[in-house]
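Please read the structure below before turning to the comments.
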Amino acid sequence: MTLISRTLAIPALALGTLLTTGCESLLFRYANRGLPPPEASVVYAPDRGLQLDIYRPQGISEGAAPTVVFFYGGGWQRGERGQYQFVGRQLARHGVLAIVADYRTFPEAVFPAFVDDGARAVAWASMHAGAYGGDARRLFVAGHSAGAQIAALLGTDPVYLDAHGLSPSQLAGVIGLAGPYDFEITGRYRDVFGPPSQWPQAQAVRHVTGDEPPFLLIHGEDDRVVEARDSRQLARRLREAGGDASVVMLPDAGHSAPVLGLYDPRRAPAVLPAILGFVRGGDPDRGAAVAPGTR
């Protein structure tokens, strides 16, 4: 069981100067510099004021594109979809309909409200992906850090999607980047996850039954925020139940490496090929000749 660090800040392997000053907003501004805005922004939960950004797939000549709904990290306490413009644009550039969704964070909401929001965003994508060039039959959920925990619960605990007439088995897959899936709830996270009686429900490893979609889990070997063992444990549990799980471990890499691999593939060369291979055909190696660390 992993103990989450008390800071879920994003260390910038590529942008160390900005991070040494703690300027997270400057970091994201730098990462998104020069990028065109999303093709559309939609209110998907009017009663909650929640929106999502849509990045249309590029280079698709025929048929519909795989669709990825992405949830950002931030310790379930911060973050906004506009900061992850670089994620949406990178995926769209490679022929994926990318949807980056906001969700409620603490203190506005406590667990499981942010997972409920995630399910609502997925339901919206299931209904509307076709209007933006996506294929709802190839609908993936993805996330980094806290966002990966949300994505993993959507893929393992049927209660969230069931509320919208969907099930985890209808997802084409789950992509978790440095996610906590079996973690201790300590410190300020006690408030985020509410009464202790519901803490077990926050652990994706506890919900695996064998009906899950395929999982791709990417983690830095030297992650000091969420231990890499979380991805290994979830993959092992999925496989033991008869499911499909691939793990890509990034050597000498920390917590932000998986998402920085989407900002600049040179920073973590295994990340983008693994994701593209997974969404194109369920094979993490399909996106490139070799995806180092895949197993």
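Every number in this text was worked out from the coordinates using simple rules, so none of it is lab data. The structure presented is a predicted model; accordingly, all values stated were derived computationally and were not measured. Note that we place each Cβ from the backbone using ideal geometry, even for glycine, and neighbour counts take in every protein chain shown.
Suppose each label sits 7 Å from its Cα in the direction of the beta carbon; what would the Arg280-Asp47 distance come out to in nanometres?
With each label placed 7 Å out from Cα toward Cβ, I get 4.2 nm.
Can you compute the charge dipole magnitude of the chain about its Cα centre, using +1 on each Lys and Arg Cβ and -1 on each Asp and Glu Cβ, nothing else charged? Give it in debye, rounded to the nearest 20. Could you put the intermediate results ahead of the total?
Details: 27 positive and 29 negative charges, 95 e Å.
It works out to roughly 460 debye.
Using a basic spin-label model with each label point 7 Å from the Cα along Cα→Cβ, how many nm lie between Arg93 and Arg137?
3.0 nm
With the crude spin-label approximation of a point 7 Å out along Cα→Cβ, what separation in nm comes out for Met127 versus Asp211?
Spacing of the two 7 Å Cα→Cβ label points: 2.3 nm.
All other residues with a Cβ under 11 Å from the Cβ of Ala92 taken together, and with Lys, Arg as +1 and Asp, Glu as -1, what is their net charge?
Local charge sum for Ala92: +1.
Using the Karplus curve 6.51 cos²θ - 1.76 cosθ + 1.60 with θ = phi - 60°, what ³J(HN,Hα) values do you get for each residue of the range 180-193, in whole Hz, with x for Gly and Pro?
My calculation for the range 180-193 gives x, 10, 7, 10, 7, 9, 10, x, 5, 6, 4, 6, 4, 9 Hz in order.
Need one number: % antiparallel among DSSP beta bridges in the chain, to the nearest 5.
25 percent
Ranked highest first by average number of other Cβ atoms within 10 Å, how do 205-212, 151-158, 268-275 line up?
Values: 205-212: 17.8, 151-158: 26.9, 268-275: 24.5.
The densest-packed peptide leads the list: 151-158, 268-275, 205-212.
Tell me the label only: which of (i) 0.92; (ii) 1.10; (iii) 0.97 is Rg/Rh (Cα atoms, Kirkwood Rh) as calculated from this structure?
Evaluating Rg/Rh (Cα atoms, Kirkwood Rh) on these atoms matches (i).
Return the long-range amide H neighbours of Ala65 (sequence gap of 5 or more, or a different chain), with a cut-off of under 5 Å between placed amide H atoms.
Gly134, Asp135
Pairs of alpha-carbon atoms within less than 8 angstrom and 6+ residues apart define the contacts here; what relative contact order does the chain have, in percent?
17 percent
For the chain, what is the mean residue ellipticity at 222 nm derived from helices alone (per DSSP H run of n ≥ 4: -39500 (n - 2.57); sum divided by total residues; nearest 500 deg cm²/dmol)?
-8000 deg cm²/dmol
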